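Colleague: The following block contains the structure, expressed as structure tokens.
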Amino acid sequence: MEFKVAEKFVSINGEGTKAGQPAVFIRLAGCNLRCSYCDTMWANSFDAPHKIMTEQEIAEYVRSTGITNVTLTGGEPLMAENVSVLLSALSEKGAAVEIETNGSADISVCDGISPRPSVTMDYKLPSSGMEGHMRHQNFSLLESTDTVKFVAGSNEDLERALEIIKQYELTNRCRVFFSPVFGKIDPAQIVDFILKNKLNGVNFQLQLHKFIWDPDKRGV
């Protein structure tokens, strides 16, 4: 199979349960959403600059780095045709695979892959302009090794995230993270919200790569 690889690089995980750990990033071109705060808009077109690579070529690149954590991102990687083939190829090579998805695509594509990739799924809040595209059926497919990420840019976003956490009992189902829209909300406001609402099991995070390097720098 062939895949449109917009970029590939080695860095540290900037967020999530493996924040600070080395990881190989494979970014596939193309996304079906246009979030107001998107920081990879250049890769969102399905015709964005890319290199065609097969699943075996990608898996060999990952193996050559000597890094075992792999993050498949985008764009929206679940929009790629036959993405399960790529996920299987990476898992078969012994990589610890994470797939970052925007919450609008069916995550059941990960089922049946052994070991199953961990899913980091966004829930797009009101300020993103994309909440209407969220696939709520995905919540029932989440496993304990998966993560739901809320990127908040306003108090309205925080209140909506709280509703979703309670409605789907997310802290009993998977990991839950809150992140600020970079430069749009005081991180302390999110921390205060978590403490005020006694959100046990909810993690606050900052995007490490945006503090280590220029926030607009690619390949990190």
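None of the figures in this text is laboratory data; all of them are computed from the coordinates on show. Predicted model only: the values in this text are computed from it and were never measured. Glycine also receives a Cβ, built like all others from the backbone with ideal geometry; neighbour counts cover every protein chain displayed.
Colleague: Scaled to the compact-protein estimate 2.2 N^0.38 Å, what is the alpha-carbon radius of gyration of segment 73-148, rounded to two decimal places?
Modeller: That ratio works out to 1.09.
Colleague: Quick one: length gained pulling Leu206 to Glu156 fully straight, 0.36 nm per residue minus the C-alpha distance?
Modeller: Here the segment from Leu206 to Glu156 would lengthen by 16.1 nm.
Colleague: Expressed as a rounded percentage, what relative contact order does segment 160-220 have, with Cα pairs under 8 Å and six or more residues apart?
Modeller: Computed over segment 160-220, the figure is 32 percent.
Colleague: Once you put a point 7 Å from the Cα of Glu131 and another 7 Å from the Cα of Met41, both along the Cβ direction, what distance in nm separates them?
Modeller: So the two model labels end up 2.2 nm from each other.
Colleague: Moving on. How far is it, in nm, from the label point at Asn32 to the one at Asn82 when both lie 7 Å from their Cα along the line to the Cβ?
Modeller: That separation, rounded to one decimal, is 2.0 nm.
Colleague: Name all residues of segment 31-69 having a backbone nitrogen under 15 Å from the label point set 7 Å from the Cα of Val10 along its Cα→Cβ direction, giving them as ranges.
Modeller: 59-69
Colleague: How would you classify segment 1-104 from its alpha-carbon gyration tensor, with a ≥ b ≥ c the square roots of the eigenvalues: rounded for a/c under 1.5, else prolate if a/b is greater than b/c, otherwise oblate?
Modeller: oblate
Colleague: Determine the calculated [θ] at 222 nm for the chain from helices alone, applying -39500 (n - 2.57) to every DSSP H run no shorter than 4 residues and normalising by the residue count; nearest 500 deg cm²/dmol.
Modeller: Rounded to the nearest 500, the figure is -6500 deg cm²/dmol.
Colleague: Consider a paramagnetic label point 7 Å from the Cα of Glu143 along Cα→Cβ; state which residues of segment 108-122 have an amide N under 17 Å from it.
Modeller: 108-121
Colleague: Taking R0 as 41 Å, what's the FRET efficiency between Trp213 and Asp106 from their Cβ-Cβ distance, rounded to 0.05?
Modeller: 0.75
Colleague: Karplus couplings for segment 31-36 from phi (6.51 cos²θ - 1.76 cosθ + 1.60, θ = phi - 60°), rounded to Hz, Gly and Pro as x?
Modeller: Running phi through 6.51 cos²θ - 1.76 cosθ + 1.60 with θ = phi - 60° gives 8, 8, 10, 9, 6, 4 Hz.
Colleague: Continuing with the same structure: If r is the Cβ-Cβ distance from Gln189 to Thr17 and R0 is 30 Å, what FRET efficiency results, to the nearest 0.05?
Modeller: 0.80
Colleague: Looking at the chain, what % of its DSSP beta bridges pair antiparallel, to the nearest 5?
Modeller: Taking every DSSP beta bridge within the chain, about 30 percent pair in antiparallel fashion.
Colleague: Can you tell me the mean projection area, over all orientations, of the convex hull of the chain's alpha carbons? Units nm², please.
Modeller: 11.0
Colleague: Suppose R0 equals 30 Å. What FRET efficiency, 1/(1 + (r/R0)^6) with r the Cβ-Cβ distance, do Thr68 and Met1 give to the nearest 0.05?
Modeller: E between Thr68 and Met1, to the nearest 0.05, is 0.85.
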